[in-house]
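The block underneath contains the structure these notes are about, expressed in structure tokens.
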Amino acid sequence: MAENEQQAPTADPYAQTNYENIKSVVRQRLTEWGKGREGFTRSAWRNILYFRGHQWVIFDRSLNRWRPSHLKRQTPTPVTNKFASTMDAVISVLARVEPTLNFPPGTDDPDDRASADVAPRIVEVVEDEVNLRVNRQHLAVHVGLTGGAWLETGYDPDPIHGVKTIPQVDQGGEPTLDETGQPVMQEAPVGRMYVEVVPVFEMFFDASITDWRKQRECLRLKSV
């Protein structure tokens, strides 16, 4: 490169992002969808309280939550928790439901056939890494008690999962070399895949659409 030439600065792909507009849309959706969810979240909380043995409760509209009933001190409150025993049976049935995954080859090409053959083993490895069996059990509890829950899948690049040294590359995918002609190395996170159970209390969506397959937007509000 000539001395009078300067390398063009790397463009920031997020420089033109209108974050205020994005936040405005999110706030608007939370406001719209928050109005239609009180009915099922209230029932979901009641079911959880009943399941945990808190039967003597009423819904306080001024506080917008369930609270213990004001009973006279001498009022007997023994309860046989038939709700919990019934839900234990329902949750047990839900926890046993596991989808059967089939991976047929797309064509008769040997590579496609080989990919289809190895796919079930890859799925087993992924399920072990994300502890899917335990998450499915948690999912069954949430579905049984609250009527719905979700599994969020993703990749966590946090360095806490380990890092590895790899060659640094430029925008064209070519290795970056130092003054001696050796590749410049950099540390990159190994990361790991994850699965999280998302309860109904963290999800915002259009409650008027009862068929989830027709939902086109949703928001997860998670405390961290």
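Looking for something surrounded by 10 or more Cβ atoms within 10 Å (Cβ to Cβ), over 23 Å from the mean Cα position of the chain (by Cα), of a type outside the set (A, V, I, L, M, F, W, C) and on the phi < 0 side of the Ramachandran plot - is there at least one such residue anywhere in region 11-22?
Yes, because at least one residue in region 11-22 is surrounded by 10 or more Cβ atoms within 10 Å (Cβ to Cβ), over 23 Å from the mean Cα position of the chain (by Cα), of a type outside the set (A, V, I, L, M, F, W, C) and on the phi < 0 side of the Ramachandran plot.
Given the criteria under 22 Å from V200 (Cβ atoms) and open to solvent by 70 Å² or more (accessible area, probe 1.4 Å), does R73 qualify? Answer is no for this residue.
Scanning region 187-215 for residues that are open to solvent by 40 Å² or more (accessible area, probe 1.4 Å), farther than 30 Å from R29 by Cβ, assigned to a strand (DSSP E or B) and out of contact with any Ser or Thr (no Cβ under 7 Å at 6 or more places or on another chain) yields P189, R192.
This table checks each residue for (1) small (G, A, S); (2) modelled with pLDDT of 95 or more; (3) open to solvent by 50 Å² or more (accessible area, probe 1.4 Å).
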site	(1), (2), (3)
R65	no, no, yes
A95	yes, no, no
L101	no, no, yes
R113	no, no, yes
A119	yes, no, no
E124	no, no, yes
L145	no, yes, no
L151	no, no, yes
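Looking at region 110-128 only, could you name the residues that are over 24 Å from T153 (Cβ atoms) and within 29 Å of the chain's Cα centre (by Cα)? Result: no residue meets the conditions. Within region 39-63, the set of residues being open to solvent by 40 Å² or more (accessible area, probe 1.4 Å) and of a type in the set (A, V, I, L, M) comprises I48, L49, I58, L63. Of all residues in region 126-142, exactly one satisfies the criterion of being closer than 17 Å to D88 by Cβ, open to solvent by 50 Å² or more (accessible area, probe 1.4 Å) and among the hydrophobic types (A, V, I, L, M, F, W, C), namely V141.
The values are calculated or read from the model by the stated rules, or taken from the named source; none is laboratory data. What you see is a predicted model, and the numbers here were worked out from it, not measured in a lab. No Cβ is skipped: glycine too gets one built from the backbone with ideal geometry, and neighbour counts run over all protein chains shown. Heads up: the accessible areas ignore ligands, DNA and RNA and are worked out on the full protein's heavy atoms, side chains in. Shrake-Rupley method; radii C 1.70, N 1.55, O 1.52, S 1.80 Å.
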